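S.K.: Quick one: this structure, given as structure tokens, is what I'll be asking you about.
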């Protein structure tokens, strides 16, 4: 980096700080509000720090929804979907990157095209397919159509294309089956990309709303936490209890946050080791 | 241990034929080198033996068993790649044991083999390092170690020294020769470097344009090249190839002079091959020439001469014989063998040239 005048540097830093505060603010507000009383949360001018931090709303969440069950449902949906996406993306990405077969490029083009379809377009047809399989109203119905993902395959193909062919051939000569080549040699070589995809998929499928709502159709014991939050909103005949909703939202956000912190440290590690490789 | 036999082996990528009718017998325990310019198909041929490239036609057998359709692991081979191809996320030990663990070998046996190979290659201190922490030479040793521990029937080397610097290349070359002597295993080695081929091989296979040009022991190839291509490829600097006209028992080499032939070798336009080391300066009756370039290599001198009204010649002499650029000299063939090739490039005869 070239040396900058002190003033420019100061301006840059304040801009970054301002942006960070702006993005962190709603999050902070959510957490703070969850500790307020209902009356405190509605006061004008707003109260920043609750007078007496109360955990009451957290207790109340479980009275209204099955918070534990909902979190578990979310975890099942996000984890299984992410696992499925990783496996299918790595395998299909490897095939697209390293196998020569008839129609490969056409197939890949079609898949790229699918990537640009807005999910809303496929909502109804997918729903009908899932219904015909008798899976509506079940977690299986929520998970199954998302086990493969065009973007994931695309991402993996791009990264795996950069893995040297010799490395793959060395593993074959060493006696590795194709599956073994993919998961013991190729996958470790593209770990940072896999971590990025895992994070992306987990957060996306943790937060997804429309598809589970469509499939589960009021089977509320199977609701993921995001759908249950909706029930917190409408609880008490529309008179919103802000601390209650905020407590629910805080609970909902914790697992992906932990996931992010865990994977982020891992990214940095693998990026450093890749840079050192020389 | 096993020999390798190639029978009418061919390879095509779509409509492009890259190798055709390769016939070759590599004896058990032999060190065989495939040599040729880039694009001649030598690496493809090696990869076909390894099972990494499909065989389009013909038969391949290892140890007397036809292995055309066998996977690499069923062929009893181990391979060392030019790029080393070490698994970057595994330690040196992890790299060496990967193949053994896949074959579900007992832990004790794996450890024994790794210890033995590491001692042989002097990489005992590196076993817990990762490839990124090793120098190029060390990486290549690990790659060789990974091949050794598998105790294969046949070792395959694909230009293993190309990524090493010159000094290391010479050392590693000697180590590979030592390794062959110690293990006595069949080795097939691909290189574009004829010096590596000459120094390592029991048998050299010269490939060009998808076919075998000549097969033989290094000195046989040097002394009796089958054709113009082999003549030019084996030996450094390359053999001087001079267009000549033959009629009866006379050879007209243009500016170099006229010479007698030992027998009637046909007539017409042919090519005369003269090694750079088989030229003498200031010989009585030599052809006039001008020195256009002098390269001092320490113990010897390479000089480029332009014959007056004739082609350029490269000569190699001991350092004692000093010439300078621009100097006028006379040059004549020395007492060693020269080679005559017919219009199609095939060798017709080799003999010590006498002035006629």
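S.K.: Can you list the strands (runs of 3 or more DSSP E) lying wholly within segment B:296-351 that have 2 or more residues being farther than 16 Å from residue B:236 by Cα?
M.R.: B:300-307, B:328-333, B:337-341
S.K.: Determine if segment B:110-132 includes at least one residue that is within 9 Å of chain A (Cβ to nearest Cβ), in contact (Cβ under 8 Å) with a residue 24 or more places away in the chain and either touching a strand residue (DSSP E or B) at 6+ places or on another chain (Cβ under 7 Å) or not in a helix (DSSP H, G or I) (or both).
M.R.: Checked against the condition, which is being within 9 Å of chain A (Cβ to nearest Cβ), in contact (Cβ under 8 Å) with a residue 24 or more places away in the chain and either touching a strand residue (DSSP E or B) at 6+ places or on another chain (Cβ under 7 Å) or not in a helix (DSSP H, G or I) (or both), segment B:110-132 yields at least one hit.
S.K.: Okay, moving on. Restricting attention to segment A:138-152, does a residue exist that is part of a helix (DSSP H, G or I) and within 14 Å of chain B (Cβ to nearest Cβ)?
M.R.: Checked segment A:138-152: no residue is part of a helix (DSSP H, G or I) and within 14 Å of chain B (Cβ to nearest Cβ).
S.K.: Return yes when residue B:164 is in contact with a helix residue (DSSP H, G or I) (Cβ under 6 Å, 6 or more places away or on another chain), assigned to a loop (DSSP other than H, G, I, E, B) and surrounded by fewer than 23 Cβ atoms within 10 Å (Cβ to Cβ) and no when it is not.
M.R.: yes
S.K.: May I pose another question? Any idea which of A:173, A:190 is at pLDDT 90 or above and in contact with a strand residue (DSSP E or B) (Cβ under 8 Å, 6 or more places away or on another chain)?
M.R.: Checking each option against the conditions leaves just A:173.
S.K.: Within segment A:175-191, can you find the residues that are more than 11 Å from every other protein chain (Cβ to nearest Cβ) and buried (at least 17 other Cβ atoms within 10 Å of the Cβ)?
M.R.: Scanning segment A:175-191 gives a single hit, A:182.
Yes or no, residue by residue, for (1) in contact with a helix residue (DSSP H, G or I) (Cβ under 6 Å, 6 or more places away or on another chain); (2) away from every other protein chain (no Cβ under 14 Å); (3) in contact (Cβ under 8 Å) with a residue 24 or more places away in the chain:
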| position | (1), (2), (3) |
| --- | --- |
| B:17 | no, yes, yes |
| B:23 | no, yes, yes |
| B:37 | no, yes, yes |
| B:43 | no, no, yes |
| B:58 | no, yes, yes |
| B:69 | no, yes, no |
| B:72 | yes, no, no |
| B:79 | yes, no, yes |
| B:86 | yes, no, yes |
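S.K.: State whether the residues of segment A:193-203 include one that is assigned to a loop (DSSP other than H, G, I, E, B), touching a residue at least 12 places away in the same chain (Cβ under 8 Å) and either touching a helix residue (DSSP H, G or I) at 6+ places or on another chain (Cβ under 6 Å) or not assigned by TED's automatic domain parsing to the domain that holds residue A:140 (or both).
M.R.: no
S.K.: I'm told residue A:162 meets every condition in (1) touching a helix residue (DSSP H, G or I) at 6+ places or on another chain (Cβ under 7 Å); (2) over 23 Å from residue A:70 (Cβ atoms); (3) outside any helix (DSSP H, G or I) except one. Can you identify the failing condition by its number?
M.R.: Exception for residue A:162: condition (1).
S.K.: Separate question: Of the residues that make up segment A:248-268, is at least one modelled with pLDDT under 90 and not in a helix (DSSP H, G or I)?
M.R.: Scanning segment A:248-268, I find no residue that is modelled with pLDDT under 90 and not in a helix (DSSP H, G or I), so the answer is no.
The values are calculated or read from the model by the stated rules, or taken from the named source; none is laboratory data. Just so we're clear, the structure is a prediction, and the values are computed from it rather than from any experiment. Every residue, glycine among them, receives a Cβ derived from its backbone with ideal geometry; neighbour counts consider all protein chains shown.
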